[in-house]
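Here the structure comes first, spelled out in structure tokens, and everything after it is commentary.
The values are calculated or read from the model by the stated rules, or taken from the named source; none is laboratory data. None of the values given here were measured: they were computed from a predicted structure. Positions of Cβ are backbone-derived with ideal geometry, glycine not excepted, and every protein chain shown enters the neighbour counts.
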Amino acid sequence: MPAPTSSLRCLVVDDDPLSVQIVTNCIANTPFLTAVGTYDNALAASEQLRAQPVDLLFLDVEMPLMSGLDLLSTLQNPPLVILITSSKEYAVEAFEYDVVDYLVKPISYARFLKAAQKALELFEDATESTAPSTANAASTDPDFTFVKVDTKLVKVLFNDVCYVEALGDYVHIVMPHSKLIVYSTMKAVEEKFPGAMFVRAHRSFIVNLKRVQAIEDNTITIDNKQIPIGQTYLREVLQRLNKF
């Protein structure tokens, strides 16, 4: 991974003092993270987040009065979130909130670093997607690209693409009547596909703005496919759809 250009401002919210100490120590040993505060309850953290947003939230699920998931449901524009808990039972519910990762106590630094690197990649991707770009929007851009499928190069017409979905180390380029499975990252797809036509809607989805049929409850509909909009990308998606 290339060296990060900036440090992610992190807030730790956990009612377990030992867990707070472990997480803050991990942050201190990670060059691209900076701790800006800790809270032992979600209510106080909620007020702080509204007053001073952060880039990354390390959030305990199980806390009295207000759980970590309860806190997430109250935030209009939550930061990137890494959940922390002593139980795996919340995993499915947690990812419905579009969290970056899910750490189970006791936390090792290796596992912490893996989650933090995912957060950094998402943060940099979101930053790049909102930066002005003239290259992708230029009228001289071609209307197609080539992607490698197994051992051959396949021509892809941008107008034909409905959306791109990340699945593990591969991406699925989905068209109305076919699908290509390509060994690639979402960042590489974003660089190939014209920014004037496509937008990142979720860490796992890039959508063709021309193909969007409806948007409701933070969900995009394309050819009867329900695509979630991640909180990190919501504002950009809405702005792009309004201008399209």
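Taking the range 161-179, which residues are of a type outside the set (D, E, K, R) and in a strand (DSSP E or B)? Break it down into steps so the answer makes sense when it comes.
Taking the range 161-179 as the starting set, the residues that turn out to be of a type outside the set (D, E, K, R) are 161-164, 166-168, 170-178.
Scanning the range 161-179 gives TYR163, VAL164, ALA166, LEU167, TYR170, VAL171, HIS172, ILE173, VAL174, MET175, SER178.
Of all the criteria given as (1) assigned to a helix (DSSP H, G or I); (2) crowded, with 17+ Cβ neighbours inside 10 Å, the one not satisfied by ILE84 is (1).
Within the range 137-146, take every residue that is among the hydroxyl-bearing types (Ser, Thr, Tyr) and over 18 Å from VAL174 (Cβ atoms) and give me the one that is modelled with the highest pLDDT. Can you show your working first?
Of all residues in the range 137-146, those among the hydroxyl-bearing types (Ser, Thr, Tyr) come to 139-140, 145.
From what's left, over 18 Å from VAL174 (Cβ atoms): 139-140.
On the way: SER139: 39, THR140: 45.
If we take residues in the range 137-146 being among the hydroxyl-bearing types (Ser, Thr, Tyr) and over 18 Å from VAL174 (Cβ atoms), then THR140 is modelled with the highest pLDDT.
Have a look at VAL174, VAL149, VAL182, VAL156 and point out the one that is at pLDDT 95 or above and outside the structural domain of LYS118 (by TED's automatic domain parsing).
Working: VAL149 fails: at pLDDT 95 or above; VAL182 fails: at pLDDT 95 or above; VAL156 fails: at pLDDT 95 or above.
That would be VAL174, the only listed residue that is at pLDDT 95 or above and outside the structural domain of LYS118 (by TED's automatic domain parsing).
The residues on offer are ARG50, ARG111, and the sole one that is loosely packed, with under 15 Cβ neighbours inside 10 Å, basic (Lys, Arg) and more than 19 Å from the chain's Cα centre (by Cα) is ARG50. Inside the range 155-192, residues that are out of contact with any strand residue (DSSP E or B) (no Cβ under 7 Å at 6 or more places or on another chain) and over 23 Å from GLU121 (Cβ atoms) make up a count of 5.
The sole residue among LYS192, LYS152, LYS148 that is surrounded by fewer than 11 Cβ atoms within 10 Å (Cβ to Cβ) and at negative phi is LYS152.
Here LEU234, LEU209 are screened, and the one residue that is at pLDDT below 90, of a type outside the set (S, T, N, Q) and either within 25 Å of GLU121 (Cβ to Cβ) or not assigned by TED's automatic domain parsing to the domain that holds VAL171 (or both) is LEU234. Scanning the range 180-216 for residues that are in a loop (DSSP other than H, G, I, E, B) and without any contact (Cβ under 8 Å) to a residue 12 or more places away in the chain returns a single hit, GLN213.
Of the residues making up the range 36-47, those that are surrounded by fewer than 20 Cβ atoms within 10 Å (Cβ to Cβ) and farther than 12 Å from LEU75 by Cα number 6. Within the range 11-51, restricting attention to residues that are outside any helix (DSSP H, G or I) and among the β-branched types (Val, Ile, Thr), the residue that is nearest to LEU71 (Cα to Cα) is VAL13.
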